[in-house]
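Notes follow once the structure below has been shown.
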Amino acid sequence: MINVQAVSKTFKDKKTFVTALKHVSFSMKEGEVTGLLGENGAGKTTLLRMIATLLTPSEGNVTVAGFDTVKNSAAIKKQIGVLFGGETGLYDRLTARENLEYFARLYGMSKHETKVRIDELAKMFGMRDYLDRKVGGFSKGMRQKVAIARAIIHNPQIILFDEPTTGLDITSSNVFRQLVHQLKREGKTIVFSSHIMEEVSMLCDSVAMMHKGELVYQGDLEGLYKEEGSRDLNYIFMSKLVRRDEYAS
Ligand SMILES: Nc1ncnc2c1ncn2[C@@H]1O[C@H](COP(=O)(O)OP(=O)(O)OP(=O)(O)O)[C@@H](O)[C@H]1O
Ligand SMILES: [Mg+2]
């Protein structure tokens with residue numbers, strides 16, 4: 001479903017070059033929930049942006065549902081829903097409902113379809129009380145919920161979330177968790193980055209661990225637990241990084 005092949009990404013920052021991804025290869029199967037783990041600056045957002053066709057690889061290629069992210073970005077865009085941390089992409093002067101209607105229209109959804117979908121999402125996220133209030137006055141968590149709803153308004157088959165629960169309270173994080181379970185039941189393919197190990201171990205079938213632009217591990221969680229003789233993802237992650245750094249030095 002998602003194939004990343006020998007991908008590298010280098011950014012030119014004035015006169016210095018920053019290598020955000022180094023020969024990263026992996027694949028994600030249809031209907032699978034994958035957690036993307038890594039320290040700050042590991043390359044998670046860069047990788048997600050690349051899968052979302054928003055960045056071009058410096059080397060290698062990425063395909064989503066058989067389409068190349070560079071040559072066929074339009075075909076991919078219709079099938080994916082994306083949410084990037086910090087950038088909710090919402091209009092402050094519009095209400096939550098108007099924001100959702102606006103994005104639904106961009107995806108060519110009919111008025112009726114849009115209404116039904118907004119009702120469904122508002123119920124799911126407990127947003128009914130403030131659906132008709134302007135987003136400008138929303139708290140961070142309220143905004144994030146609208147942003148998540150916006151990302152999946154068109155019922156996409158593939159969903160990419162960059163740190164979706166950052167800034168959410170426990171109730172809202174749980175709403176997100178329920179949403180992932182539901183999307184999984186619907187057979188959606190989901191990739192999300194997170195710094196919360198508990199969330200990843202609860203929701204994901206597989207994990208991709210990044211470290212300094214390289215992929216340290218990719219595979220199913222159960223296999224990893226067996227391999228490491230532990231079910232403590234935090235511990236496994238830290239020890240993988242330590243081993244990696246020792247090997248590199
Ligand atoms: N547009 C850009 N220009 C220059 N450097 C960039 C750009 N985007 C990312 N980088 C660099 O690429 C590296 C990886 O960044 P990235 O945002 O992918 O990390 P991340 O894993 O998402 O980190 P975090 O957990 O902090 O969100 C960092 O060194 C970052 O500074
Ligand atoms: Mg990031």
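The values are calculated or read from the model by the stated rules, or taken from the named source; none is laboratory data. Keep in mind the model is a prediction, meaning the values are calculated, not measured. Don't worry about glycine lacking a Cβ; one is built from the backbone with ideal geometry, like all the others, and counts go over all protein chains shown. Keep in mind that these areas ignore ligands, DNA and RNA; they rest on the heavy atoms of the full protein, side chains included. Shrake-Rupley method; radii C 1.70, N 1.55, O 1.52, S 1.80 Å.
Tabulated results
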quantity: Residue within the stretch 197-211 that is away from ligand 2 (no atom under 16 Å from the Cβ), under 30 Å from residue 97 (Cβ atoms) and in contact with a Lys or Arg (Cβ under 7 Å, 6 or more places away or on another chain) present; calculated: yes
quantity: Test: residue in the stretch 200-223 that is crowded, with 20+ Cβ neighbours inside 10 Å, on the phi > 0 side of the Ramachandran plot and outside any helix (DSSP H, G or I); calculated: yes
quantity: Some residue of the stretch 61-78 being within 16 Å of ligand 1 (Cβ to nearest atom), open to solvent by 20 Å² or more (accessible area, probe 1.4 Å) and among the polar types (S, T, N, Q); calculated: no
quantity: Residue in the stretch 63-74 that is of a type in the set (Phe, Trp, Tyr), part of a strand (DSSP E or B), in contact (Cβ under 8 Å) with a residue 60 or more places away in the chain and away from ligand 2 (no atom under 16 Å from the Cβ) present; calculated: no
quantity: Failed criterion for residue 112 (all others in (1) touching a helix residue (DSSP H, G or I) at 6+ places or on another chain (Cβ under 9 Å); (2) modelled with pLDDT of 95 or more hold); calculated: (1)
quantity: Subset of the stretch 21-42 that is open to solvent by 10 Å² or more (accessible area, probe 1.4 Å) and within 16 Å of ligand 2 (Cβ to nearest atom) - its residue that is farthest from residue 195 (Cα to Cα); calculated: 41
quantity: Whichever residue in the stretch 79-133 is within 27 Å of residue 31 (Cα to Cα) and touching a strand residue (DSSP E or B) at 6+ places or on another chain (Cβ under 6 Å) and, among such residues, is farthest from ligand 2 (Cβ to nearest atom); calculated: 79
quantity: Segments classed as helices (runs of 4 or more DSSP H), wholly inside the stretch 101-190, with at least 1 members that are within 16 Å of ligand 1 (Cβ to nearest atom), open to solvent by less than 40 Å² (accessible area, probe 1.4 Å) and farther than 23 Å from residue 78 by Cβ; calculated: 140-151
